Amino acid sequence: MYKNRITIIGNVSQEPTVRTTGSGVEVCNFSVATNHFFYRNEEKISQPEYHACSAWDRLVPRCEHLKLGQKIEIEGRVKENNWEKTCSCGQTVKQYRYEIQVQSILYLEKKDENA
């Protein structure tokens with residue numbers, strides 16, 4: 001059995017943007033920041049990681065009002081997007097980007113209604 005499942009707990013690090021695809025489906029894109037902590041020579045170091053996320057169709061209303069810094073938990077699957085890009089030298093280079101396709105979202109702190 002194979003699973004492609006990921007759970008991220010972090011803070012919203014990019015304001016959500018909503019667009020509609022050519023086929024009329026809404027998608028909301030945003031990013032979530034997490035921290036990876038490790039020690040180097042007894043010094044605790046925090047290394048931020050940024051995760052691109054996309055929420056489709058029925059989840060758009062739950063994601064479109066997220067605020068920067070809001071703590072959330074998302075669950076979904078990792079998807080690889082790839083495309084070809086022509087660089088200034090004329091060569092075609094394959095580009096890759098990984099994103100989390102959100103399947104559920106949980107607000108871990110209340111949204112600030114005054115912000």
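Considering the chain as a Gaussian network with a 10 Å cut-off on Cα pairs, which listed residue, Asn11, Asn82, Asn35, attains the greatest mean-square fluctuation?
Asn82
Normalised by the residues of the chain, what does the relative contact order come to in percent, with Cα pairs under 8 Å and at least six apart? Could the numbers behind the result be given before it?
Details: 237 pairs, mean separation 31.4, N = 115.
Relative contact order, the chain: 27 percent.
Quick one: what do you get for the chain if you divide its Cα Rg by 2.2 N^0.38 Å?
Details: Rg = 16.9 Å, N = 115, 2.2 N^0.38 = 13.4 Å.
With N residues counted in the chain, Rg over 2.2 N^0.38 Å equals 1.27.
Filter the GluC sites (Glu not before Pro) in the stretch 42-115 to those in DSSP coil with at most 15 other Cβ atoms within 10 Å of their Cβ, and list the result.
Taking the stretch 42-115 and a limit of 15 other Cβ atoms within 10 Å, the loop GluC sites (Glu not before Pro) found are Glu42, Glu64, Glu109, Glu113.
Run through the stretch 1-80 and list the chymotrypsin sites (Phe, Trp or Tyr not before Pro) located in a DSSP loop whose Cβ has at most 12 other Cβ atoms within 10 Å.
Details: sites: Tyr2, Phe30, Phe37, Phe38, Tyr39, Tyr50, Trp56; in loops: Tyr2.
When the chymotrypsin sites (Phe, Trp or Tyr not before Pro) of the stretch 1-80 are filtered for loop state and at most 12 Cβ neighbours within 10 Å, Tyr2 remain.
Expected output is a single nm value to one decimal: the length gained when fully extending between Asn82 and Lys67, i.e. 0.36 nm times separation in residues minus the C-alpha distance. What is it?
Details: separation 15, 0.36 × 15 = 5.40 nm, distance 2.86 nm.
Gain in length upon complete extension: 2.5 nm.
Lys pairs in the chain, Cα-Cα under 28 Å, at least 8 apart or on separate chains: how many?
The number of close lysine pairs in the chain is 12.
Rounded to the nearest 0.05, what FRET efficiency do Val93 and Asn41 give with R0 = 35 Å and r taken as the Cβ-Cβ distance? Could you check? Don't skip to the end; give the middle numbers.
Details: r = 38 Å, r/R0 = 1.09.
That pair, Val93 with Asn41, gives E of 0.35.
For the chain, what is the accessible area per residue in Å² when the probe is 1.4 Å? All intermediate terms of the calculation are to be shown ahead of the outcome.
Details: 8370 Å² over 115 residues.
It amounts to 73 Å² per residue over the chain.
What cysteines in the chain have no other cysteine with a beta carbon less than 4.7 Å from their beta carbon?
Cys53, Cys87, Cys89
The values are calculated or read from the model by the stated rules, or taken from the named source; none is laboratory data. Fair warning: this is a prediction, and the values are worked out from it, not measured in the lab. In this analysis, Cβ positions are derived from the backbone assuming ideal geometry, glycine residues included, and neighbour counts consider all displayed protein chains. What goes into the accessible areas is simple: the full protein's heavy atoms, side chains included, and nothing from ligands, DNA or RNA. Shrake-Rupley method; radii C 1.70, N 1.55, O 1.52, S 1.80 Å.
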